[in-house]
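K.L.:
Below are the structure tokens for one structure; questions will follow.
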């Protein structure tokens, strides 16, 4: 049996490199990769120049460099921002802030006017330790917010793991589905997502919100998350959801330690090998506080911006954030510096 092969672009740069390739058709380029081999035992990772790659790596290299088609009508030639609107009383960062539908709608409109490419509306907290809520309650929370934002021309994604909520949000005008369980939690989710015709974000999570932070372990977190997402992409394709409708998210903070999160962010370019747009959601998460002075969630903006810029530098096309205007400002400065260094 052949050991699976992985390619991780190393040191993406805005400069065009001799013999290099564009990363997922964006303005980043790479001329070296780390060649990984892993069959469940000890992983092997070796840096390699593109011209020295084995012939078997050719198709993987083409996937890494191919431009991605638009996602829900969004061009993916530069990083975009997805704003978070939690219509919940108990989300880890902003629980209760937007529980009133009118406040949630106003916040979503403000994010859209600030330049968000998506407004991600969720009615059930999936923070560590969160307990599930009833379907009727989740629909009651999100449907009026999705409908009002969509009617105002906002590109809305629905953050849910329940098929009935996906269907209700699609009917209300949602433009995409964002499922933290990659369409595995609800047995009807694959069929409903396929029938909706909507694009889908597939996220990796180990366990459930109640259990996911109970001593998570991986032999190699990046390879294991990659394999899981590859399996979910294949399952979606088998269910009639084309790869062009899929986006992947490694699930920072969902069944991972601080070290796991840092490794996934550092090796984020690996996930372009799935041939899908890449979403990074790390805004205000607990590992940022643990890496700093133990700051509470609402005081983690500097760390959130650092992670967003690190993700953009590794080719993440969508950054899911609480602080839209601040993130877009940071990206604009990074883009100007990149353009200056590219000439």
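K.L.:
Quick one: Kirkwood hydrodynamic radius for region 60-169, alpha-carbon pairs, angstrom, one decimal? Working shown, then result.
P.N.:
Working: mean 1/r = 0.0673 Å⁻¹.
This gives a value of 14.9 Å.
K.L.:
When the helix-only estimate is applied to the chain (DSSP H runs of n ≥ 4, each -39,500 (n - 2.57), divided by the residue count), what is the mean residue ellipticity at 222 nm, nearest 500 deg cm²/dmol?
P.N.:
On the way: 10 runs with 122 residues, N = 343.
Estimated from H runs of four or more residues: -11000 deg cm²/dmol.
K.L.:
Related question: What's the angle, to the nearest 10 degrees (0 to 90), between helix 301-313's Cα axis and the longest principal axis of the chain?
P.N.:
In the chain, helix 301-313 runs at an angle near 40 degrees to the longest axis.
K.L.:
Where does each of 159, 338 land when they are ranked from fewest to most other beta-carbon atoms within 10 angstrom? Walk me through the numbers on the way to the answer.
P.N.:
Working: 159 28, 338 17.
Taking fewest neighbouring Cβ atoms as first place, the list is 338, 159.
K.L.:
Classify region 219-343 as rounded, prolate or oblate from the Cα gyration tensor: take a ≥ b ≥ c as the square roots of its eigenvalues, call it rounded if a/c is under 1.5, otherwise prolate when a/b beats b/c and oblate if not. Write down the numbers at each step before the final one.
P.N.:
Numbers: a/c = 1.95, a/b = 1.31, b/c = 1.49.
Oblate.
K.L.:
Just rank 246, 319, 10, fewest to most, by other beta-carbon atoms within 10 angstrom. Mind showing how you got there, number by number?
P.N.:
Values: 246 23, 319 29, 10 15.
Ordered by Cβ neighbours within 10 Å, fewest first: 10, 246, 319.
K.L.:
Quick one: helix 324-342 against the long Cα principal axis of the chain, what's the angle to the nearest 10°, folded into 0 to 90?
P.N.:
Tilt of helix 324-342: around 20 degrees.
K.L.:
Can you classify region 80-342 as rounded, prolate or oblate using the Cα gyration tensor, where a ≥ b ≥ c are the square roots of its eigenvalues, rounded means a/c under 1.5, and otherwise it's prolate if a/b beats b/c and oblate if not? Present the calculation step by step, with values, prior to reporting the outcome.
P.N.:
On the way: a/c = 1.27, a/b = 1.11, b/c = 1.14.
Because its axes are fairly even, with a/c under 1.5, region 80-342 counts as rounded.
K.L.:
Let me ask something else. How many percent of DSSP beta bridges within the chain run antiparallel, rounded to 5?
P.N.:
On the way: 16 of 43 bridges.
Around 35 percent of the beta bridges assigned by DSSP in the chain are antiparallel ones.
K.L.:
Counting other beta carbons within 10 Å of each Cβ, put 35, 180 in order, fewest first. Walk me through the intermediate numbers first.
P.N.:
Working: 35 20, 180 24.
Least crowded to most crowded, the residues run 35, 180.
K.L.:
Could you work out how far helix 135-151 tilts from the main Cα principal axis of the chain, as a 0 to 90 degree angle to the nearest 10?
P.N.:
Once rounded, one gets 80 degrees.
Throughout, read-outs are computed from the coordinates displayed, never taken from laboratory work. This structure is a prediction, so every number in the text was calculated from the model and none was measured. Here the Cβ is made from the backbone with ideal geometry for all residues, glycine too, and neighbour counts use every protein chain on show.
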